[in-house]
Each structure stands twice: as C-alpha cells, then as structure tokens.
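Single-structure report; data block below.
The values are calculated or read from the model by the stated rules, or taken from the named source; none is laboratory data. These figures come from a predicted structure and were not determined experimentally. Methodologically, a virtual Cβ is constructed for each residue, glycine included, from the backbone with ideal geometry; neighbour enumeration extends over all protein chains shown.
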Amino acid sequence: MRLDKYLKNSRLIKRRTIAKEACNSGRIMVNDKVAKASTEVKAGDILTVTLGNNPYKVEILDTPEHVLKDQSKELYRNLD
C-alpha cells in the first residue's frame, strides 16, 4: 500500500493530500529513510512521523485497503 494512503487510512494524518505534502517535504521516514508518498509500506515497517516539534514512531501492523474509523487504531503500534 502507498505510504500516503496508509497514513490516511490509519488516521495518523487526517487527509491524503496533507499526507502527500508531509512525505514530499521529508517529514515522514520509513525504516529510517526519508520516504516519498508513493513508497510501498508493509506490516513490520517502522514509520517516523515529524509534525511540528513532536516526532513519533509507530510500527505498521496491518495494511488493509478499507478501514472503518473504529478499526484504525489496530493498524499500528506506538513505539515511543
């Protein structure tokens, strides 16, 4: 699954266009490498998201195509 779509589905970032902009500005890292919006992510990858002054790390647990709001917290695990 594309990184920008995963960020939106997991509700780490509210909109896909904002997720795309965050990726293109170098604020999102996948496995300690700066990632573009089109980067493919899979279960087990570690995301580092830097928004404002608060960087946080999450581990991807699942990447389903369709997610209900209640299920979005089950897609990742906080590492910080």
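How many residues does the stretch 6-39 contain that are of a type in the set (Asp, Glu) and surrounded by 18 or more Cβ atoms within 10 Å (Cβ to Cβ)?
0
Give the stretch 31-59 a look and list any residue that's under 14 Å from Ile13 (Cβ atoms) and among the hydrophobic types (A, V, I, L, M, F, W, C), or say none.
Result: Ala35, Ala37, Val41, Leu47, Val49, Leu51, Val58.
Considering only the stretch 40-63, how many residues are closer than 12 Å to Arg2 by Cα and surrounded by 17 or more Cβ atoms within 10 Å (Cβ to Cβ)?
Selection size over the stretch 40-63: 2.
Residue-wise test of (1) at pLDDT 95 or above; (2) on the phi < 0 side of the Ramachandran plot; (3) touching a helix residue (DSSP H, G or I) at 6+ places or on another chain (Cβ under 9 Å); (4) of a type in the set (A, V, I, L, M).
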residue: Ser10; (1), (2), (3), (4): no, yes, yes, no
residue: Cys23; (1), (2), (3), (4): no, yes, yes, no
residue: Gly26; (1), (2), (3), (4): no, no, no, no
residue: Glu59; (1), (2), (3), (4): yes, yes, no, no
residue: Glu65; (1), (2), (3), (4): no, yes, yes, no
residue: Leu68; (1), (2), (3), (4): no, yes, no, yes
residue: Gln71; (1), (2), (3), (4): no, yes, no, no
residue: Leu75; (1), (2), (3), (4): no, yes, yes, yes
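Out of all the residues in the stretch 68-80, which are touching a Leu at 6+ places or on another chain (Cβ under 7 Å) and surrounded by 14 or more Cβ atoms within 10 Å (Cβ to Cβ)?
Hits for the stretch 68-80 are Leu75, Tyr76.
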